[in-house]
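Asker: This is the structure I have questions about; it appears just below.
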Amino acid sequence: MPTIIEPFRIKSVEPIRMTTPEQREGILREAGFNLFLIHADDVVIDLLTDSGTGAMSSEQWAGVMRADESYAGAKSFYRFEERLIGITGFEHILPTHQGRASERILFELIGGAGKVVPNNAHFDTTRANIEHSGAEAVNLPIAEAAHPADRHPFKGNMDIAALERLLADLGPDRVPCVMLTITNNSGGGQPVSLANIRDARAVCDRFGVPLFLDACRFAENAWFIKQREEGQGSRPVSEIAREMFDLADGATISAKKDGLVNIGGVLLLRDPELLRRASELLILTEGYTTYGGLSGRDLEAMAQGFEEVLHEDYLRYRIRSTAYLGERLLEAGIQIVEPPGGHAVYVDAKAFCPHIPPDRFPGQAVVAGLYREGGIRSCEIGSVMFGGEGHEPPAMELVRLAIPRRVYTQSHIDYVAEVFIALKAKADTLRGMRIVEQPPALRHFTARFEEL
Ligand code: F0G
């Protein structure tokens with residue numbers, strides 16, 4: 001098969017500032033070994049996140065110019081609404097400034113003390129918003145998800161038997177909704193199968209509990225279903241995406257991922273009463289219902305982005321380019337979460353530096369090592385992000401290399417693999433870390449570390 005190429009040409013470029021290892025050593029120390037605290041200008045290849053970091057298309061930029069900035073009822077809103085209705089089948093579309101704003105509104109309305117919200121795996125802002133409301137967030141991944149080398153094709157699936165047990169134990173009154181995160185970001189960017197969404201739906205129906213999707217990466221998830229699930233190979237990916245949404249009573253979306261924009265979010269609801277209350281909260285804290293804290297140009301960019309993300313040439317290239325990085329690391333003997341995820345490759349930091357125990361943050365040691373070695377910014381998804389007082393230690397210590405959409409070329413990715421391979425040769429010199437300063441919640445953003 002010929003090489004799967006980037007299905008776009010580059011019209012505008014942004015220079016990368018090169019740094020020396022000596023400069024990076026100083027920058028790292030000044031930032032307390034937390035890469036959220038360094039200037040982006042000091043990064044050579046930025047794989048911190050795939051969120052809001054993508055490149056917009058010429059059609060999206062054209063939309064930015066065309067946008068209607070009217071306060072209420074702007075043309076741009078109606079274009080955005082029509083596009084989202086077309087893709088999801090939901091009749092009422094609320095724009096928000098990003099995913100967590102949708103989560104905050106939803107859980108302020110349905111969360112609260114005594115409530116429990118199960119998910120295949122909550123993303124950190126989802127968990128934080130649920131806990132902020134006083135409710136409890138529970139992860140119910142399938143057992144395979146905890147084993148990096150297990151190549152289950154739908155490792156993002158929820159453990160349906162565990163969901164049934166939880167609902168039978170607690171009763172429907174304590175569970176305001178069941179959530180499925182597609183793809184499962186915290187568990188390795190792994191997809192959820194259509195069969196699993198249908199099974200979760202059936203259990204929710206039996207107990208009379210609504211099913212919500214955290215659908216940030218719905219197009220990538222739909223592409224995996226098309227590639228991997230029996231009987232799905234010949235369906236258009238847009239049809240698969242539509243079926244996923246049809247199975248849900250609501251969804252929170254950060255458009256910064258598969259919306260292909262730099263800012264924006266969506267809240268989808270079917271229940272008219274919940275919609276009314278959400279609209280009131282939206283007006284109170286985000287903005288009027290036809291802009292939700294965004295400008296008209298953001299709505300235009302989203303309308304176009306949600307359309308482009310379902311192009312199958314784009315998805316083929318997107319998922320292949322992530323897999324390419326994963327395969328190069330595996331060939332070099334670096335254990336990743338297999339198979340490679342959709343938006344990111346997750347490296348098993350426990351396997352990379354077995355001499356560093358989880359309470360000394362092996363993931364953070366690898367993150368610091370990659371920056372020192374080649375100016376690569378990555379993100380720890382392990383005991384720093386999910387640990388701390390009152391939290392169970394996470395099953396895996398991972399380092400995420402998240403790939404921004406349409407931003408880096410194959411030679412950038414080759415460079416990343418080369419830096420990682422060079423770091424592997426000296427992995428035994430990586431040192432554990434100690435937290436010297438941390439906030440009470442979402443500590444990974446601002447904590448400071450010291451090398452041991
Ligand atoms: N849900 C999932 C699965 C996410 O990955 C994110 C964001 C959110 C919700 C929140 O959306 O950032 O627009 O408020 N994930 C980014 C990441 C930050 O790096 O994975 P947001």
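The values are calculated or read from the model by the stated rules, or taken from the named source; none is laboratory data. Remember, predicted model here, so these are calculated numbers, not experimental data. Reconstructed Cβ throughout: ideal geometry from the backbone, glycine too, with neighbour counts over all protein chains shown. We work out accessible area using only protein heavy atoms, side chains counted, and drop any ligands, DNA or RNA first. Shrake-Rupley method; radii C 1.70, N 1.55, O 1.52, S 1.80 Å.
Asker: In this structure, does residue 54 turn out to be over 30 Å from residue 430 (Cβ atoms) and within 16 Å of the ligand (Cβ to nearest atom)?
Answerer: yes
Asker: Among the residues of segment 94-112, how many are away from the ligand (no atom under 16 Å from the Cβ) and buried (at least 17 other Cβ atoms within 10 Å of the Cβ)?
Answerer: Within segment 94-112, residues that are away from the ligand (no atom under 16 Å from the Cβ) and buried (at least 17 other Cβ atoms within 10 Å of the Cβ) number 2.
Asker: Count, please, the residues in segment 113-130 that happen to be under 25 Å from residue 352 (Cβ atoms) and either surrounded by fewer than 16 Cβ atoms within 10 Å (Cβ to Cβ) or more than 13 Å from the ligand (Cβ to nearest atom) (or both).
Answerer: The number of residues fulfilling the criteria is 0.
Asker: Just to be sure I understand, how many residues within segment 403-417 are of a type outside the set (Lys, Arg) and either open to solvent by less than 30 Å² (accessible area, probe 1.4 Å) or on the phi > 0 side of the Ramachandran plot (or both)?
Answerer: Here the count works out to 5.
Asker: Could you please find all residues in segment 327-349 being over 12 Å from residue 421 (Cα atoms) and either over 21 Å from the mean Cα position of the chain (by Cα) or in a helix (DSSP H, G or I) (or both)?
Answerer: Matches in segment 327-349: 327, 349.
Asker: Hey, another quick one. Based on this model, can you work out whether residue 342 counts as open to solvent by less than 10 Å² (accessible area, probe 1.4 Å), closer than 15 Å to residue 427 by Cα and not aliphatic (A, V, I, L, M)?
Answerer: no
Asker: Right, here's the next one. Considering only strands (runs of 3 or more DSSP E) fully contained in segment 129-221, which possess at least 2 residues that are over 30 Å from residue 310 (Cβ atoms)?
Answerer: 136-139
Asker: Assess whether residue 91 counts as being surrounded by 18 or more Cβ atoms within 10 Å (Cβ to Cβ) and either over 16 Å from residue 259 (Cα atoms) or more than 15 Å from the ligand (Cβ to nearest atom) (or both).
Answerer: Taking the combined requirement at face value, the residue does not satisfy it.
A quick yes/no check of all residues on (1) open to solvent by 50 Å² or more (accessible area, probe 1.4 Å); (2) assigned by TED's automatic domain parsing to the domain that holds residue 207; (3) out of contact with any strand residue (DSSP E or B) (no Cβ under 9 Å at 6 or more places or on another chain):
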| site | (1), (2), (3) |
| --- | --- |
| 132 | yes, yes, yes |
| 136 | yes, yes, no |
| 140 | no, yes, no |
| 145 | no, yes, no |
| 151 | yes, yes, yes |
| 163 | no, yes, no |
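Asker: Would you point out the residue of segment 167-187, among those that are in contact with a helix residue (DSSP H, G or I) (Cβ under 8 Å, 6 or more places away or on another chain) and within 12 Å of the ligand (Cβ to nearest atom), that is nearest to residue 111 (Cα to Cα)?
Answerer: Applying the filter and picking the extreme gives 179.
Asker: So, one more: Got at least one residue in segment 207-214 being under 18 Å from the mean Cα position of the chain (by Cα), within 16 Å of the ligand (Cβ to nearest atom), open to solvent by 10 Å² or more (accessible area, probe 1.4 Å) and closer than 26 Å to residue 98 by Cβ?
Answerer: No - not one qualifying residue is present in segment 207-214.
Asker: Counting only residues that are over 20 Å from residue 203 (Cβ atoms) and in a strand (DSSP E or B), which one in segment 245-266 is farthest from the ligand (Cβ to nearest atom)?
Answerer: Restricting to residues being over 20 Å from residue 203 (Cβ atoms) and in a strand (DSSP E or B), the top hit is 266.
Asker: Quick test for you: out of 288, 314, pick the one residue that is open to solvent by 50 Å² or more (accessible area, probe 1.4 Å), over 22 Å from residue 155 (Cα atoms) and away from the ligand (no atom under 16 Å from the Cβ).
Answerer: Answer to the selection: 288.
Asker: Give me the pairs, please: first residue somewhere in segment 1-14 and not assigned by TED's automatic domain parsing to the domain that holds residue 405, second residue anywhere and of a type in the set (Phe, Trp, Tyr) and modelled with pLDDT of 95 or more, beta-carbon distance under 8 Å, and either six or more positions apart or on two chains.
Answerer: 4/317; 5/317; 6/317; 7/314; 7/317
Asker: Give me a count of the residues in segment 350-378 that are surrounded by fewer than 23 Cβ atoms within 10 Å (Cβ to Cβ) and part of a strand (DSSP E or B).
Answerer: 1
Asker: Also: Considering only segment 92-126, state which residues are under 22 Å from residue 68 (Cα atoms) and touching a Leu at 6+ places or on another chain (Cβ under 9 Å).
Answerer: 92, 93, 94, 95, 96, 97, listed by residue number.
Asker: Right, here's the next one. Answer yes if at least one residue in segment 29-51 is away from the ligand (no atom under 16 Å from the Cβ), loosely packed, with under 13 Cβ neighbours inside 10 Å and hydrophobic (A, V, I, L, M, F, W, C), and no otherwise.
Answerer: No, the conditions are met nowhere in segment 29-51.
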